[in-house]
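Heads up, the thing below is written out as structure tokens.
The values are calculated or read from the model by the stated rules, or taken from the named source; none is laboratory data. This structure is a prediction, so every number in the text was calculated from the model and none was measured. In this analysis, Cβ positions are derived from the backbone assuming ideal geometry, glycine residues included, and neighbour counts consider all displayed protein chains.
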Amino acid sequence: MRILIISTAWPRYPDDPTAKWLVETVGRLAAEGYEFEILSSAYRGGGNSAYGGIPVHRFRYFFARWERLTHEESAPDRMRRSLLYKIMPVFYVAFGTVAAWRLGRRGRFDIVHVHWPVPHAVFGWAARAGSPTPVKLIAHFYSIELRWVRHSLRLLRGFLRRAVTSADRVVAISNSTAAEVRSVAPVPVEVIPYAVDLPVPSLPAAAPLAGTNRPLSVLFVGRLAERKGVRYLIDAVAALPVALRAHLVIIGDGPERGALEAQAHALDADDRVTFRGWVTPDQLDAAYTDATVFVLPAVVDARGDTEGLGMVLLEAMTYRVPVIATPLGGITDIVEHDKTGLLVPPNDATALASAIATLATHPADADRLAGAGRDYALRHFSWDAVLGQWRDLYEGVLRAP
């Protein structure tokens, strides 16, 4: 079975964190005998041509100096800040379409698996049109492209509908995203989430806070963008009682970092908030291990976008860390209030602070949520479960007439 993966970006070098969950999924299936090739964009004129033994075809779309529409940050964020990058998607789509058609001509793929079908459905159509043999097309949605069209690019509604209806199979990463796809066209949608690694065979319960001198370590991991709602988390931590000795560790980077650092300084909370930027895998492991509580305070941003699933919540759960989040997007596939974590209203620093304080002062409840969350993550988002869904997807689409 030969499969062409079409993705916005692909790791440029070892340890590049780009699309690491997709890379891991493809790598594990390749080890089982599935034959993959990757079509993705170049970065500043280059990028590797193989990754983990899998061929990577990178198409050029602009002068190397400015060829940065992808990889470092999302294309919509890049486009928002520069007229040049507002124009660049025209070249991206044109050159990517030609590359997909050429690859289809010589690849003889059985399946073309398109991730982020806006705009990549065009690449899928081109690869299928160029192929001398029949090819099945899978459209894999992540929610951001759906909201992008609904709020900012309404002229592409017809294109989006065609991307949905032209596919032999449609996949979404969460039930929330699946509902958004079905609102575009009434088609069957398969929900296949991300998978998570189990860090160690068994993790003990976190040491209780009550009656100890252990400080309250609050962790956030993710891109520092508006939809993550980190500004509400900084407000919440700054408002916590001094007796809790709360310290917020923020791992990640992004366009909001400068404003968030200024916010912490204005609140006189520099000693309670640490910005670490992106860290190594070992450092991330240590941060999860040391965390008392993990918070993802997602909001709906100005573009109408929010969290598609919340991979970092799953990662925290596997480390047996209790989680707090907001009931938006795919988060509700992961966190059920007072069962696998706590949910609070979005844009509400007071509610966040109250939830953090509740876990800090009720260690038995925190331990109950941590254990239930870990069990739920491993049961529904383990590699065995998710890879089984991918195998069923590929084998099912090939069997279908």
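One line per residue, one yes/no per condition, for (1) over 22 Å from GLY329 (Cα atoms); (2) surrounded by fewer than 20 Cβ atoms within 10 Å (Cβ to Cβ):
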site: GLY104; (1), (2): yes, no
site: ASP110; (1), (2): yes, yes
site: VAL114; (1), (2): no, no
site: PHE159; (1), (2): yes, yes
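For HIS265, state whether it is without any contact (Cβ under 8 Å) to a residue 24 or more places away in the chain, more than 26 Å from THR177 (Cβ to Cβ) and in the same structural domain as ALA353 (by TED's automatic domain parsing). Spelling it out, HIS265 is indeed without any contact (Cβ under 8 Å) to a residue 24 or more places away in the chain, more than 26 Å from THR177 (Cβ to Cβ) and in the same structural domain as ALA353 (by TED's automatic domain parsing). Closer than 23 Å to LEU137 by Cβ and part of a loop (DSSP other than H, G, I, E, B): does that describe THR97? Taking the combined requirement at face value, the residue does not satisfy it.
Scan the stretch 378-391 and tell me whether some residue there is over 14 Å from VAL295 (Cα atoms), aromatic (Phe, Trp, Tyr), in contact (Cβ under 8 Å) with a residue 24 or more places away in the chain and part of a loop (DSSP other than H, G, I, E, B). Yes, the stretch 378-391 contains at least one residue that is over 14 Å from VAL295 (Cα atoms), aromatic (Phe, Trp, Tyr), in contact (Cβ under 8 Å) with a residue 24 or more places away in the chain and part of a loop (DSSP other than H, G, I, E, B). The set of residues in the stretch 33-69 being of a type in the set (D, E, K, R), more than 22 Å from the chain's Cα centre (by Cα) and assigned to a loop (DSSP other than H, G, I, E, B) consists of ARG44, ARG60, GLU67. Out of curiosity, is GLU35 in the same structural domain as ALA139 (by TED's automatic domain parsing), among the acidic types (Asp, Glu) and touching a residue at least 60 places away in the same chain (Cβ under 8 Å)? Taking the combined requirement at face value, the residue does not satisfy it.
Look at (1) crowded, with 20+ Cβ neighbours inside 10 Å; (2) closer than 19 Å to PHE141 by Cα and you find that LEU69 fails only one, number (2).
Of the listed requirements (1) buried (at least 23 other Cβ atoms within 10 Å of the Cβ); (2) over 17 Å from the mean Cα position of the chain (by Cα); (3) free of Cβ contacts under 8 Å to residues at least 60 places away in the same chain, ASP271 misses just one: (1). In this structure, SER183 does not qualify as over 25 Å from ALA129 (Cα atoms), touching a residue at least 40 places away in the same chain (Cβ under 8 Å) and assigned to a helix (DSSP H, G or I). Filtering ALA9, ALA30 for residues that are surrounded by 17 or more Cβ atoms within 10 Å (Cβ to Cβ), among the small types (Gly, Ala, Ser) and not in a strand (DSSP E or B) leaves a single hit, ALA9. Please indicate, with yes or no, whether at least one residue in the stretch 121-130 is at pLDDT below 90, surrounded by fewer than 21 Cβ atoms within 10 Å (Cβ to Cβ) and more than 17 Å from ARG303 (Cα to Cα). Taking every residue of the stretch 121-130 in turn, none turns out to be at pLDDT below 90, surrounded by fewer than 21 Cβ atoms within 10 Å (Cβ to Cβ) and more than 17 Å from ARG303 (Cα to Cα).
Mind checking whether some residue in the stretch 285-296 is in the same structural domain as ARG257 (by TED's automatic domain parsing), closer than 12 Å to LYS228 by Cα, touching a helix residue (DSSP H, G or I) at 6+ places or on another chain (Cβ under 9 Å) and in contact (Cβ under 8 Å) with a residue 40 or more places away in the chain? For the stretch 285-296, residues in the same structural domain as ARG257 (by TED's automatic domain parsing), closer than 12 Å to LYS228 by Cα, touching a helix residue (DSSP H, G or I) at 6+ places or on another chain (Cβ under 9 Å) and in contact (Cβ under 8 Å) with a residue 40 or more places away in the chain: present. Looking across the stretch 280-322, the residues that are of a type in the set (Asp, Glu) and surrounded by fewer than 24 Cβ atoms within 10 Å (Cβ to Cβ) come down to ASP282, ASP285, ASP290, ASP301, GLU315. The residue that is farthest from the chain's Cα centre (by Cα), among those in the stretch 345-401 that are closer than 27 Å to PHE36 by Cα and of a type in the set (Asp, Glu), is GLU395.
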